[in-house]
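Heads up, the thing below is written out as structure tokens.
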Amino acid sequence: MEIVLSVPETIVATYVVATDRPPGDPAAAASAAAARIEGPLGEAVRRMLDGPLMSVSVVPVAEAPPLPIEHLRVFAAPPEALRAVVTATHLVVVQAVFGAGWPPAHEWHARAVAAGIAQDLGGTLVDLFTPQVLDPAAALASLPGPDGRSALSAWVLVPQSAGDRGLWMTTRGLGRFGLPELQVIDVPPTLARAWTSGLTGIARALVVRWAQAVERAHGEAFVRMPNELTVTAADAVRAYGEVPGADAEARSTLLQLRLDVESPEQDSLLTIIPPDEFPYSAGEFLARVVDELFGVRSTTVRYAADDERMREAVATARDALPAARTRFLAGEFGPERHLIVKHRLTRGEATELIWSAVTTWPDPRRLHGVSMSDAEIDPAVRTGRPTMVRDPEIVDWGVWIDGEGIVEGGWTNAVLTGE
């Protein structure tokens, strides 16, 4: 099976420097910034600056289209940077044009010049693709070094938002290379951090394959690519600018891409789905991907002896459960801070306790979540699968932070570990 992707003729990178000290000569300001860039990159920047593919201009804010202030806030712009953007009198606009594929010379060169101008003026640097406020020094550090290596994570972000059955995660940055953005749906909340790394690695593997396809196409308007993609842990390591070891090269996973076009007015997306032969649920596939890449595996916590300490722990957790639901409904949790509940599974005389991450809780009598582990007594309960939990089945709850574990609650765990 294949997917057919269109190849843009050109792609435009746009960076602006918001300032109240506009340069009198934009071309001279750009040349001064380009002159400080060393090595092959500096030479390439200066050549593009001297040609028709890059432009630098100064525009009064009153005459310019408004900057996307709310989007900048969403992408974590510091308050002081937002104030500087709002109060600026002029924008220095740096644009560069290039073709799809690799290298993204338009992005590298425009960012290099704009970051240098921002340093010289003390202005606020804005990448309009994301859109995002960038620290000029960090922006320059994101450019390829003498060996040509560049961390994709500096160019591709992974926003996420909560859904009824898990997290919706997307990329924001693959358009810099002419690609549709990636998306993955219903990610178990407790795998958010692992899937952020995984999605960045998948993006890198896709960019490599895309660049090869574009090069083979020799200017064609469309390219055909296999819809299955093999990704290694080394892709994720390289995506963050690091050098992978042999173990990362050996860890790999197989996934499938589906091209989704919602409407002519909306951009298409590449959706990550299980391979056709994968026999289990989509949630189990998502758990398997990060397990195969990073060894991220959930562990079932089982019930200890029903002694007095355990009964007191359950009673304490149950007493605090309504307050936990109130906090959940108030939006206190997510995207990296999750409410989880431990609940009882019973089959015959066998009882097992597992954790589920809460996704919705509209009715106090029941909640919906995503299982954090595989059950031994119930083959229908698997990591990543949706769960429906009734209130009487809940014996504990906690607040889970990716990378830290349970940071609040977890009274029964404290009994099990002797804390």
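The values are calculated or read from the model by the stated rules, or taken from the named source; none is laboratory data. Everything numeric here is computed off the predicted structure, so don't read it as measured data. In this analysis, Cβ positions are derived from the backbone assuming ideal geometry, glycine residues included, and neighbour counts consider all displayed protein chains.
Values for this structure:
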| item | result |
| --- | --- |
| The listed residue being touching a residue at least 24 places away in the same chain (Cβ under 8 Å), under 21 Å from Gly384 (Cα atoms) and assigned to a strand (DSSP E or B), out of Leu286, Leu229, Leu254, Leu293 | Leu254 |
| Breaking point among (1) more than 26 Å from the chain's Cα centre (by Cα); (2) modelled with pLDDT under 85; (3) surrounded by fewer than 19 Cβ atoms within 10 Å (Cβ to Cβ), for Pro364 | (2) |
| Within the range 160-188, tally of residues that are assigned to a helix (DSSP H, G or I) and of a type in the set (Val, Ile, Thr) | 0 |
| Considering residues of the range 383-419 that are among the hydrophobic types (A, V, I, L, M, F, W, C) and in a helix (DSSP H, G or I) only, the residue surrounded by the most Cβ atoms within 10 Å (Cβ to Cβ) | Trp411 |
| Within the range 170-183, considering residues that are within 9 Å of the chain's Cα centre (by Cα) and surrounded by fewer than 24 Cβ atoms within 10 Å (Cβ to Cβ), the one farthest from Ala239 (Cα to Cα) | Thr170 |
| Residue that is modelled with pLDDT under 90, aliphatic (A, V, I, L, M) and not in a strand (DSSP E or B), where the choices are Ala317, Ala380, Ala323 | Ala380 |
| Selected residue (only one of Leu49, Leu91 is surrounded by 18 or more Cβ atoms within 10 Å (Cβ to Cβ) and either more than 21 Å from Ala138 (Cα to Cα) or touching a Lys or Arg at 6+ places or on another chain (Cβ under 7 Å) (or both)) | Leu49 |
| Boolean, Thr171 is closer than 20 Å to Ile202 by Cα, hydroxyl-bearing (Ser, Thr, Tyr) and not assigned by TED's automatic domain parsing to the domain that holds Met54 | yes |
| Subset of the range 52-68 (residues that are loosely packed, with under 12 Cβ neighbours inside 10 Å and part of a helix (DSSP H, G or I)) | Ala62, Glu63 |
| Meets criteria (part of a helix (DSSP H, G or I), more than 18 Å from Ala30 (Cα to Cα) and over 28 Å from the mean Cα position of the chain (by Cα)) for Ala84 | no |
| Residues satisfying the stated conditions in the range 22-46, i.e. in a loop (DSSP other than H, G, I, E, B) and either loosely packed, with under 12 Cβ neighbours inside 10 Å or in contact with a Cys (Cβ under 9 Å, 6 or more places away or on another chain) (or both) | Gly24, Asp25, Glu38 |
| Subset of the range 121-147 [in a loop (DSSP other than H, G, I, E, B), under 22 Å from the mean Cα position of the chain (by Cα) and in contact (Cβ under 8 Å) with a residue 12 or more places away in the chain] | Leu128, Phe129, Thr130, Pro131, Ser142, Leu143, Pro144 |
| Index of the failed condition, Val370 passing every other in (1) in contact with a Phe, Trp or Tyr (Cβ under 8 Å, 6 or more places away or on another chain); (2) not small (Gly, Ala, Ser); (3) not in a loop (DSSP other than H, G, I, E, B) | (1) |
| Out of Ala205, Ala194, sole residue that is touching a Phe, Trp or Tyr at 6+ places or on another chain (Cβ under 9 Å) and part of a helix (DSSP H, G or I) | Ala194 |
| Which numbered condition Ser55 fails, given (1) within 30 Å of Ala221 (Cβ to Cβ); (2) in contact with a Ser or Thr (Cβ under 9 Å, 6 or more places away or on another chain); (3) polar (S, T, N, Q) | (2) |
| Residues of the range 94-117 that turn out to be within 15 Å of Ser57 (Cβ to Cβ), in contact with a helix residue (DSSP H, G or I) (Cβ under 8 Å, 6 or more places away or on another chain) and buried (at least 21 other Cβ atoms within 10 Å of the Cβ), as a count | 5 |
| Boolean, Ala304 is out of contact with any strand residue (DSSP E or B) (no Cβ under 6 Å at 6 or more places or on another chain) and either modelled with pLDDT of 90 or more or crowded, with 18+ Cβ neighbours inside 10 Å (or both) | no |
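Residue-wise test of (1) more than 17 Å from Gly166 (Cα to Cα); (2) in the same structural domain as Glu312 (by TED's automatic domain parsing); (3) without any contact (Cβ under 8 Å) to a residue 24 or more places away in the chain; (4) out of contact with any Pro (no Cβ under 6 Å at 6 or more places or on another chain).
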{"position": "Ala350", "(1), (2), (3), (4)": "yes, yes, no, yes"}
{"position": "Ala357", "(1), (2), (3), (4)": "no, yes, no, no"}
{"position": "Pro362", "(1), (2), (3), (4)": "no, yes, yes, yes"}
{"position": "Ile377", "(1), (2), (3), (4)": "yes, yes, no, yes"}
{"position": "Pro386", "(1), (2), (3), (4)": "no, yes, no, yes"}
{"position": "Trp397", "(1), (2), (3), (4)": "yes, yes, no, yes"}
{"position": "Asp402", "(1), (2), (3), (4)": "no, yes, no, yes"}
